[in-house]
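Structure first, then comments.
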Amino acid sequence: MSHQKCMANSSLRPLCSRPVSGRRITEQNRRSFLHAGSLSLGMSAAGLGGLNLPSILRAEDKQGIGSSHKSLIQIFLAGGPPHLDLWDMKPNAPSEIRGEFSPISTSASGIQISEVFPKLSQWMHRGALIRSIVGSKDQHDAFQCLSGWKPEDLRSIGGRPSMGSVVSKVQGPVDPSVPAFVGLAEKSTHREWSDCGGPGFLGAAHSAFRPDGPALENMTLHGLPLERLRDRRKLLVSLDTLRRDIDTSGVMAGMDAFSQRALDVLTSSKLVEALDLSREDPEIVAKYGDGKPYQYQFDGTATRNDHLLVARRLIEAGVRVVSLSFGRWDAHTNNTAMVRDHAGKLDQCLSALIEDLEQRGMLDDVSIVVWGEFGRTPKINKDGGRDHWPQVNSAFLAGGGIRGGQVIGATNRLGECVVERPVDVQEVVATLYHNMGISTAHTALQDPTGRPQFLVDRDPIRELIS
């Protein structure tokens, strides 16, 4: 890289120990708390959480609970969306290249996108298209979009952390009762398509909270009195005793973060209320839609329009990063029908999200990124599908203070290769970090070997940042 990176101390102080005193919790209450506190966090059996006391105190001191915060909504189009049918139309190309879709004008002068996005086209002045992404790997995996790195990078020491986990580590929570990082992607048969981003070498304490069905079911006290949970001092003292009992289990390193998250989430209604769409204005719910009927799902994720609304509610509640997976775009056959279904639903909920954030005065603080793991072949195959094409990828960005109403980069007349302003995958990730207030030039994380690891090796996209 051309610039000199300066080191920053990114390590967090260890959680202060508390004196061991008071009664042991009973065997029944011990089991009740462990069941209630596990929260199905989408991690290992240890169920370690993503919050710790030092980061909580630092967040409270710097920002104040409930204050405005920079945040990120990652929308992963699992399977690889076809760039020529969505973002990079080639109306003058042969029919086997251009397909059945036509370009339409947008609210940004001179910019056209696919006819499948009539609502989104009215918000192009607040968004930006990148048509020239390079460096994508031909692999059905969300890892690269969620971290900027390939899955094999630093695998021997735990792997690279996702953006959500990095933000959890570097910035901590806005509110101690709300996780910094939430993953909404439902489980899919092809597991990598429902990945919300792992903590890598940062460890389980910075994993995403995954509020799936079992998690919500377990967020009950199961006979443990709420008054007991609200008595922080007594419960934490009891947990100190409990930790001595389970020291041989090997989860001590993350136990403080686990107990803190379990206690804070259970004693607050913020997270549960944010996930409950019955509390939302019915007109807003209808504007987003629900994405049903779910079609072309196969081994992928559903078109959960409502997840975009849940993401907005989570951000309002204090979450910093929300990651979700929308649909299954791997159309080696019948590509046209899949695009009409998936893109039409995405058009509804994505435009609703942008409008919703704009009306609430949140859009400049909330970054939105929409992309998949790679593009699709320019030529439609004999089965009416498009195959993998990592040579070119595209992305749509909005909010976060970026300069909207522009297109970055270009491909040749057939959409085969980049001919103008190649943008590396890591430049997109660096831009999102920049929008979050994290400098990729001055922030490094210490890996388990004691070595500093920078977040990415590229700079933010200069055309987008203010």
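The values are calculated or read from the model by the stated rules, or taken from the named source; none is laboratory data. Because the structure is a prediction, the values reported are computed rather than measured. Please note: Cβ atoms are built from the backbone with ideal geometry, for glycine as well, and neighbour counts cover all protein chains shown.
Listed values, structure above:
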read-out: Members of segment 369-425 that are under 19 Å from S114 (Cα atoms), over 20 Å from the mean Cα position of the chain (by Cα) and among the β-branched types (V, I, T); value: T377, I380, V392, V407, I408, T411
read-out: Segment 268-311 - residue that is of a type in the set (K, R) and touching a Gly at 6+ places or on another chain (Cβ under 9 Å) and, of those, surrounded by the fewest Cβ atoms within 10 Å (Cβ to Cβ); value: K270
read-out: Residue list for segment 372-420, restricted to those being part of a strand (DSSP E or B) and at positive phi; value: G384, G399
read-out: Some residue of segment 309-317 being under 30 Å from E96 (Cα atoms) and at pLDDT 95 or above; value: no
read-out: Matching residues, segment 407-433, being polar (S, T, N, Q) and surrounded by fewer than 19 Cβ atoms within 10 Å (Cβ to Cβ); value: N412
read-out: Enumeration of residues in segment 96-132 that are part of a strand (DSSP E or B) and under 21 Å from V418 (Cβ atoms); value: P103, Q112, I113, S114, G127, A128, L129, I130, R131, S132
read-out: Residue satisfying condition, being of a type in the set (D, E), modelled with pLDDT of 95 or more and buried (at least 20 other Cβ atoms within 10 Å of the Cβ), within set E373, E355; value: E373
read-out: Odd one out for T333, checked against (1) more than 18 Å from I75 (Cα to Cα); (2) at pLDDT below 95; value: (2)
read-out: Pick from segment 289-333, criterion of a type in the set (A, V, I, L, M, F, W, C) and over 17 Å from the mean Cα position of the chain (by Cα), ranking: nearest to K187 (Cα to Cα); value: F298
read-out: Counted residues, segment 73-109 - those being among the small types (G, A, S) and under 15 Å from A337 (Cα atoms); value: 2
read-out: So D347, is it of a type in the set (D, E, K, R), part of a helix (DSSP H, G or I), touching a helix residue (DSSP H, G or I) at 6+ places or on another chain (Cβ under 9 Å) and under 23 Å from V182 (Cβ atoms); value: no
read-out: Residue in segment 142-152 that is more than 22 Å from I75 (Cα to Cα) and either touching a Lys or Arg at 6+ places or on another chain (Cβ under 8 Å) or not β-branched (V, I, T) (or both) present; value: yes
read-out: Top-ranked residue in segment 434-463 [being under 20 Å from the mean Cα position of the chain (by Cα) and among the hydrophobic types (A, V, I, L, M, F, W, C); ranked as surrounded by the fewest Cβ atoms within 10 Å (Cβ to Cβ)]; value: F454
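Each row is one residue, and each column tells you yes or no for (1) under 22 Å from W389 (Cβ atoms); (2) touching a Gly at 6+ places or on another chain (Cβ under 8 Å); (3) buried (at least 23 other Cβ atoms within 10 Å of the Cβ); (4) free of Cβ contacts under 8 Å to residues at least 60 places away in the same chain.
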position: D85; (1), (2), (3), (4): yes, yes, yes, no
position: P91; (1), (2), (3), (4): yes, no, no, yes
position: V134; (1), (2), (3), (4): yes, no, no, no
position: G148; (1), (2), (3), (4): yes, no, yes, no
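Results for (1) of a type in the set (A, V, I, L, M); (2) modelled with pLDDT of 95 or more; (3) under 22 Å from I402 (Cβ atoms), shown as yes or no for each residue.
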{"position": "S102", "(1), (2), (3)": "no, yes, no"}
{"position": "T106", "(1), (2), (3)": "no, yes, yes"}
{"position": "I111", "(1), (2), (3)": "yes, yes, yes"}
{"position": "W123", "(1), (2), (3)": "no, yes, yes"}
{"position": "D153", "(1), (2), (3)": "no, yes, no"}
{"position": "M163", "(1), (2), (3)": "yes, yes, yes"}
{"position": "V166", "(1), (2), (3)": "yes, yes, yes"}
{"position": "V170", "(1), (2), (3)": "yes, yes, yes"}
{"position": "S194", "(1), (2), (3)": "no, no, no"}
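Here is a yes/no grid of residues against (1) farther than 30 Å from R313 by Cα; (2) touching an Asp or Glu at 6+ places or on another chain (Cβ under 6 Å):
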{"site": "G361", "(1), (2)": "no, no"}
{"site": "W371", "(1), (2)": "no, no"}
{"site": "D387", "(1), (2)": "yes, no"}
{"site": "P390", "(1), (2)": "yes, yes"}
{"site": "F396", "(1), (2)": "no, no"}
{"site": "V407", "(1), (2)": "no, no"}
{"site": "R413", "(1), (2)": "yes, no"}
{"site": "D424", "(1), (2)": "yes, no"}
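Yes/no per residue for (1) small (G, A, S); (2) farther than 19 Å from L324 by Cα:
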position: R340; (1), (2): no, yes
position: A343; (1), (2): yes, no
position: D347; (1), (2): no, no
position: G361; (1), (2): yes, yes
position: W389; (1), (2): no, yes
position: L397; (1), (2): no, no
position: V407; (1), (2): no, yes
position: G415; (1), (2): yes, yes
position: V425; (1), (2): no, no
